[in-house]
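Note sheet for the following structure.
Rule-based calculations on the coordinates, nothing more; no lab input. This one's a predicted model, so the numbers in the text were calculated from it and none came from an experiment. As a convention, Cβ positions derive from the backbone with ideal geometry for all residues, glycine included, and neighbour counts pool all protein chains shown.
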Amino acid sequence: MSTIDREYVSLHPKSARIFEEASAVFADGVTHDTRRVTPFPLVMTHAAGATKWDVDGNEYVDYVCGHGSLILGHSHPAIAAAVAEQVGRGTHLGGSTELELRWANAIKGLVPSVEKLRFHSSGTEATMMAMRLARAYTGKRKIIKFQDHFHGWHDYAIAGSDGGAGGVPDSTWESMIVLPPGDIGVVEDALARDGDVAALITEPTGAHMGQYPFKAPEFLHQLREVTERRGVLLILDEVVTGFRLSSGGAQVRYGVKPDLTTMAKIVAGGLPGGVVGGRAEIIDMISHRGDPEWDNAKRVSHPGTFNANPLSAVAGATCLETLAREPINERADAMAARLRAGLNDTLSKMEVTGVAHGVSSLVMVAFGVESEPEDVWKIPRETLHTAAKPGAGPGFKRGMLNAGVDVMGGRGFIVSAAHREQDIDKTLAAFERCLAGMRQDNLV
Ligand SMILES: Cc1ncc(COP(=O)(O)O)c(C=O)c1O
């Protein structure tokens, strides 16, 4: 057994025992593909701010941050109080509420391209609805997406993704066009060849939260120009970048106005929630018109038991109102900048080939490549994908956990406004220890 694995097993006996039981109940013993960690994942008990704890009593600086949904940190007092109060007032009122209007106004106040919107329960639902709205509005069938860009797990989003596509009917692929990202000529050619494209959807900083970055904002501006010229809708998937790259998301930071925006994670303040927002006439494809042919056949239907449920609504509204009032993004960005610089210093000091990069409060680590952080977009995707030694990602995840830090997947850090300088310094010390272990195990 490797050095890192030996320590991991010895530090987490209770997690190992619980995993045995969980393996009999859940596929892979986990409830989300990304939470799969070999030889077993850790079982967490509770969290506060930027810290969380596991069943063996170990403490972690958390950079998973609710898969990116917790920009205010865990259990922010205002959100916790608002949700607790709402639990006592009803968790589902089976009708419209003033809370959903408050939530919608908070979103509109931050994201100017959103004229109208509808709520969902997840980002997956949001991107599925955005694609359907685009098809209905344009009368065209196909959607362009980029290789590896993650838009959730519905049939259409799975096209061109690196996860499994079992169970997805072949007919789905006929309506999806998957292109390599970053090259506007490729997009131009695809649109010139095919007149049946309704929309193009993209992550605003490149695949997987910017793990495979393209040159933003230039590429986004090019996409906006080409799609507008060709009468194709631009969908910005701001599930991760929304309210993070700026209080108005990537589109405000980069000055790009999409036709539709998909949001989730931060938008619901750490509870389940999703949104499609954008041009009113597109969102109004959901509206009834009093014409039976439209209402019963052509309109886009939109049910969903937990759409805009009062708990998500109050958590989302409280979170976004806080974001509008306080320098939350600035705080998270400053901590991320300190972390990114410190990680790169540590890589140099330890003479490990790799680079920490990323935008705003998203920090990625790419092992096995040399680059200035702002030039990582120049590295071909295949090189970025294959440069690290086999097992480096999982080894990094386990090595950091051994040292008291939980990173997102094997690749990055999602920083919140609850992270403090001492958390960053502790993380950098953990990184140094982790790299030493990875070197011993021949992972770097
Ligand atoms: C860019 C992006 N879009 C969509 C989704 C899907 O969101 P959800 O997990 O809420 O279904 C994710 C999830 O990580 C995402 O990162």
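Couple of notes before you dig in:
- Residues in region 358-378 that are in contact with a Lys or Arg (Cβ under 7 Å, 6 or more places away or on another chain) and part of a helix (DSSP H, G or I) were compared, and the one that is farthest from residue 416 (Cα to Cα) is 377.
- Sole residue being free of Cβ contacts under 8 Å to residues at least 12 places away in the same chain, loosely packed, with under 15 Cβ neighbours inside 10 Å and on the phi > 0 side of the Ramachandran plot, chosen from 167, 185: 167
- Failed item in (1) farther than 24 Å from residue 135 by Cα; (2) of a type outside the set (Lys, Arg); (3) within 16 Å of the ligand (Cβ to nearest atom), with residue 307 passing the rest: (1)
- Residues located in region 227-270, provided they are of a type in the set (D, E, K, R), in contact (Cβ under 8 Å) with a residue 24 or more places away in the chain and more than 13 Å from the ligand (Cβ to nearest atom): 230, 253, 257, 259
- In region 242-263, the residues that are out of contact with any Leu (no Cβ under 8 Å at 6 or more places or on another chain) and within 25 Å of residue 197 (Cα to Cα): 255, 257, 263
- Complete set of residues in region 379-406 that are in a helix (DSSP H, G or I) and of a type in the set (Lys, Arg): 381, 397, 398
- Of the listed requirements (1) more than 16 Å from the ligand (Cβ to nearest atom); (2) closer than 29 Å to residue 124 by Cβ, residue 274 misses just one: (1).
- Residues located in region 199-240, provided they are in contact with a strand residue (DSSP E or B) (Cβ under 7 Å, 6 or more places away or on another chain), part of a strand (DSSP E or B) and closer than 26 Å to residue 69 by Cα: 200, 201, 202, 234, 235, 236, 237
- Near pairs, Cβ below 7 angstrom, 6+ apart or cross-chain, from region 2-27 (closer than 19 Å to residue 436 by Cβ and without any contact (Cβ under 8 Å) to a residue 60 or more places away in the chain) to any residue that is assigned to a helix (DSSP H, G or I) and not charged (D, E, K, R): 9/16
- Test: residue 261 is within 23 Å of residue 152 (Cβ to Cβ), among the hydroxyl-bearing types (Ser, Thr, Tyr) and part of a loop (DSSP other than H, G, I, E, B): no
- Residue within region 123-137 that is touching a residue at least 60 places away in the same chain (Cβ under 8 Å), farther than 27 Å from residue 421 by Cβ and not in a helix (DSSP H, G or I) present: no
- Scan of region 18-30 for residues that are farther than 26 Å from residue 161 by Cβ and surrounded by 13 or more Cβ atoms within 10 Å (Cβ to Cβ), ordered by number: 18, 19
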